[in-house]
Amino acid sequence: MSAEWGAPRTKTVTWYDPSIGAAQGLRMAGLDYLSAIRDGVLPPAPISGLMDFGVTEVEAGRAVFTCRPDESAYNPIGVVHGGLVCTLLDSVCACAVHSTLPLGRGYTSIEIKVSYLKAVTSRSGLLTATGTVVKVGSRVAFSEGVVTDEAGTAVATATSTCLVFDVPQS
């Protein structure tokens, strides 16, 4: 530690027991589950507390999250790490798929391809990520996403593939 580094900064992360929301989600259609998270009826995923993002809009085939990145997400070159933007895109693309699934169906990401268009910093302001379904089949679903900064400029885009499967009911 060097005095030249300046004063240390801290960030507090808060989350709730993830098993509570997950258990409720098994008894709901995807859109109902995501709406309950958006409306504060069910707790958000712990990752949303870590990365400071959350569900702001959801409808069948579409999910919108917002995120306000800060310096705690910076990489060594002084910009927000691409992993935060990728995680945001993975989340909205997958949740767009989840919003179309009936009770008893689940998903997991198979792959995501991200194109970074512009560096993100804490001065980028509120990021808005929108995921939209392209096609949901019986086993595989395709979606796409875009992240814009507070000025409305696209900073990244993605295409995503999810595996769709039956969820055992207990």
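The values are calculated or read from the model by the stated rules, or taken from the named source; none is laboratory data. What you are looking at is a predicted structure, and each value in this text was computed from that prediction instead of being measured. Every residue, glycine as well, gets a Cβ built from its backbone with ideal geometry; the counts of neighbours run over all protein chains shown. The accessibility values were calculated without ligands, DNA or RNA, using every heavy atom of the protein model including side chains. Shrake-Rupley method; radii C 1.70, N 1.55, O 1.52, S 1.80 Å.
State the number of residues belonging to region 1-47 that are part of a helix (DSSP H, G or I) and free of Cβ contacts under 8 Å to residues at least 12 places away in the same chain.
Start the filter on region 1-47 by keeping residues that are part of a helix (DSSP H, G or I), which leaves 3-5, 18-25, 30-38, 46-47.
Still in the list and also free of Cβ contacts under 8 Å to residues at least 12 places away in the same chain: 3-5, 19, 22-23, 32.
Going through region 1-47 one residue at a time, the tally reaches 7.
Note on region 132-153: among residues that are without any contact (Cβ under 8 Å) to a residue 60 or more places away in the chain, open to solvent by less than 30 Å² (accessible area, probe 1.4 Å) and not polar (S, T, N, Q), the one that is nearest to ALA63 (Cα to Cα) is GLY145. Here GLY83 meets each of (1) surrounded by 17 or more Cβ atoms within 10 Å (Cβ to Cβ); (2) out of contact with any Ser or Thr (no Cβ under 9 Å at 6 or more places or on another chain); (3) closer than 20 Å to THR161 by Cβ with one exception, condition (1). Regarding ALA129, is this residue out of contact with any Asp or Glu (no Cβ under 9 Å at 6 or more places or on another chain), aliphatic (A, V, I, L, M) and open to solvent by less than 50 Å² (accessible area, probe 1.4 Å)? So ALA129 passes the test. Looking across ASP70, ASP52, one residue alone is in contact with an Asp or Glu (Cβ under 8 Å, 6 or more places away or on another chain), open to solvent by 70 Å² or more (accessible area, probe 1.4 Å) and over 24 Å from THR161 (Cβ atoms). It is ASP52. Regarding VAL114, is this residue more than 15 Å from the chain's Cα centre (by Cα) and either open to solvent by 10 Å² or more (accessible area, probe 1.4 Å) or without any contact (Cβ under 8 Å) to a residue 60 or more places away in the chain (or both)? Answer is no for this residue. You will find that of ALA45, ALA60, the residue that is closer than 18 Å to VAL146 by Cα, open to solvent by 50 Å² or more (accessible area, probe 1.4 Å) and in contact with a helix residue (DSSP H, G or I) (Cβ under 8 Å, 6 or more places away or on another chain) is ALA60 and no other.
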